[in-house]
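S.K.: First, the structure itself, so that you have it in front of you.
The values are calculated or read from the model by the stated rules, or taken from the named source; none is laboratory data. Worth saying up front: this structure is predicted, and the values here are computed from it rather than measured. Please note: Cβ atoms are built from the backbone with ideal geometry, for glycine as well, and neighbour counts cover all protein chains shown. Heavy atoms of the whole protein, side chains included, go into the accessibility calculation; ligands, DNA and RNA do not. Shrake-Rupley method; radii C 1.70, N 1.55, O 1.52, S 1.80 Å.
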Amino acid sequence: MVELERIDVLGGGPAGLYAAYLLKRERSSTRVRVLEQNPRGATFGFGVVFSDQALDFLKADDPKTHALITPHMERWRNMTLAHKGQDVVIDGVGFAAIGRLRLIELLCAQAEEMGVEVQFDHHVEAVDALDADLIVGADGLNSLVRQSEPEAFNAEASYFDNHFAWFGAKRPFDTLTQTFIETSKGAMNAHHYRYQPDMSTFIVECDQPTFDAFGFADMSEMETARTCEGLFAEMLDGASLVINKSTWRRFPKMWCRNWVSGNRVILGDAAHTAHFSVGSGTRLAMEDALALAVALESSNSLDSALVDYQQKRTPIARKIVEAANTSALWYDDFASKMALGPLEFGYDYITRSGRMDDARLRKLSPNFMATYDAMRAAA
């Protein structure tokens with residue numbers, strides 16, 4: 001195991017708090033600090049979602065943390081596509097969700113109990129000013145650690161085409177649901193799922209022509225929320241949308257060729273992004289943290305541990321990121337598919353990655369495929 005005297009983790013989100021906990025767990029005498037620029041209790045967004053497969057990895061690799069967070073999760077076994085006034089249920093696509101702030105609180109308490117120093121409201125001006133044997137950049141898309149050495153980390157960055165805004169909704173939904181609607185100004189979609197018994201995440205998206213036709217660029221957060229409430233009134237059933245930095249944005253597509261430079265290492269959104277449509281962003285970040293901890297436990301030097309981390313972790317993460325990118329491209333073009341019937345639309349959606357053939361889908365979603373096969377046979 002690599003022995004270290006001082007570890008600094010930049011970023012107090014799930015990735016940073018979880019990495020700090022794992023690193024301190026094996027090093028009781030090491031000073032491990034988490035440096036977070038925002039105040040305690042401040043967070044962007046509402047709920048975060050995990051697939052069943054994501055929770056399986058956590059249960060296998062870290063049963064204590066799995067047991068810590070799962071009692072606070074909302075869970076369901078199917079997902080729903082609402083299209084042309086019909087609900088298409090795709091069975092066997094299980095997910096769980098938890099409030100982002102609640103997840104942070106749980107991970108923070110666990111880290112502090114282990115002896116991690118968590119410093120909120122702590123703004124780091126320069127990475128060079130930090131005095132640590134290992135510096136972990138878990139500081140998100142705008143990572144100071146990555147930006148301090150852009151040539152070393154070598155990020156490839158661009159944006160997907162669609163615009164989206166992230167809201168909360170004051171009502172629960174039975175499953176993770178995608179609601180697709182045609183408006184007089186273009187097609188729109190909402191991704192929504194409950195993350196606590198009385199609250200849901202509600203993400204609205206549309207393509208550039210629809211965005212321009214509504215004039216969303218000139219609306220305030222509240223004006224956008226009220227407009228989207230009207231557009232999705234049937235699904236919201238009288239519930240209001242809640243804003244929290246709910247400005248329109250385009251999703252960033254970012255991948256770093258290198259995750260290591262000297263004693264600096266990046267993980268989570270500092271190293272890569274994964275489109276929200278596959279529900280893997282937080283999962284990837286936590287798996288990165290686990291991989292880093294394992295590499296440091298199984299190596300004798302910091303240099304060899306960080307090389308091992310990058311060599312073993314990046315190919316695994318890359319597969320998930322590429323699947324997320326393929327999914328994002330489907331959403332960028334969903335308006336062209338709105339003429340499809342509900343079942344055809346659902347089939348096009350669930351096979352969007354190109355990795356789901358009919359045989360596999362019949363095992364995963366037997367009820368959906370039985371209905372879809374019957375429709376095809378009758379055609």
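S.K.: Could you list, ordered by first residue, the pairs with Cβ atoms under 9 Å in which the first is in the range 231-257 and in contact (Cβ under 8 Å) with a residue 40 or more places away in the chain and more than 30 Å from Asp269 (Cα to Cα) and the second is part of a loop (DSSP other than H, G, I, E, B) and open to solvent by less than 50 Å² (accessible area, probe 1.4 Å), at least 6 apart or interchain?
M.R.: Qualifying pairs under 9 Å: Met235/Phe173.
S.K.: Of the conditions (1) of a type in the set (D, E, K, R); (2) free of Cβ contacts under 8 Å to residues at least 12 places away in the same chain; (3) surrounded by 18 or more Cβ atoms within 10 Å (Cβ to Cβ), Glu205 fails just one. Which one is it?
M.R.: (2)
S.K.: For the structure I just gave you, tell me whether Tyr195 is crowded, with 19+ Cβ neighbours inside 10 Å, touching a residue at least 60 places away in the same chain (Cβ under 8 Å) and assigned to a strand (DSSP E or B).
M.R.: yes
S.K.: Somewhere in the range 321-342, is a residue open to solvent by less than 30 Å² (accessible area, probe 1.4 Å), within 20 Å of Phe57 (Cβ to Cβ) and among the β-branched types (Val, Ile, Thr)?
M.R.: Scanning the range 321-342, I find at least one residue that is open to solvent by less than 30 Å² (accessible area, probe 1.4 Å), within 20 Å of Phe57 (Cβ to Cβ) and among the β-branched types (Val, Ile, Thr), so the answer is yes.
S.K.: Of all residues in the range 89-114 being open to solvent by 40 Å² or more (accessible area, probe 1.4 Å), in contact with a helix residue (DSSP H, G or I) (Cβ under 7 Å, 6 or more places away or on another chain) and not in a strand (DSSP E or B), which is nearest to Gly279 (Cα to Cα)?
M.R.: The extreme case among them is Arg102.
S.K.: So Leu134 clears everything in (1) closer than 20 Å to Tyr18 by Cα; (2) open to solvent by 10 Å² or more (accessible area, probe 1.4 Å); (3) of a type outside the set (S, T, N, Q) except one condition, right? Which one?
M.R.: Exception for Leu134: condition (2).
S.K.: Additional query: Applying the selection to the range 138-165, what residues are small (Gly, Ala, Ser), farther than 20 Å from Ala328 by Cβ and either over 17 Å from the mean Cα position of the chain (by Cα) or in a helix (DSSP H, G or I) (or both)?
M.R.: Across the range 138-165, the qualifying residues are Ser148, Ala152.
S.K.: While we're here: Quick one: count up the residues across the range 258-273 that are open to solvent by 10 Å² or more (accessible area, probe 1.4 Å), without any contact (Cβ under 8 Å) to a residue 60 or more places away in the chain and within 17 Å of the chain's Cα centre (by Cα).
M.R.: 0
S.K.: When residues of the range 26-56 are filtered for being part of a helix (DSSP H, G or I) and surrounded by 16 or more Cβ atoms within 10 Å (Cβ to Cβ), how many remain?
M.R.: 2
S.K.: Moving on. Which count do you get for residues in the range 292-307 that are open to solvent by 30 Å² or more (accessible area, probe 1.4 Å) and touching a helix residue (DSSP H, G or I) at 6+ places or on another chain (Cβ under 7 Å)?
M.R.: Here the count works out to 0.
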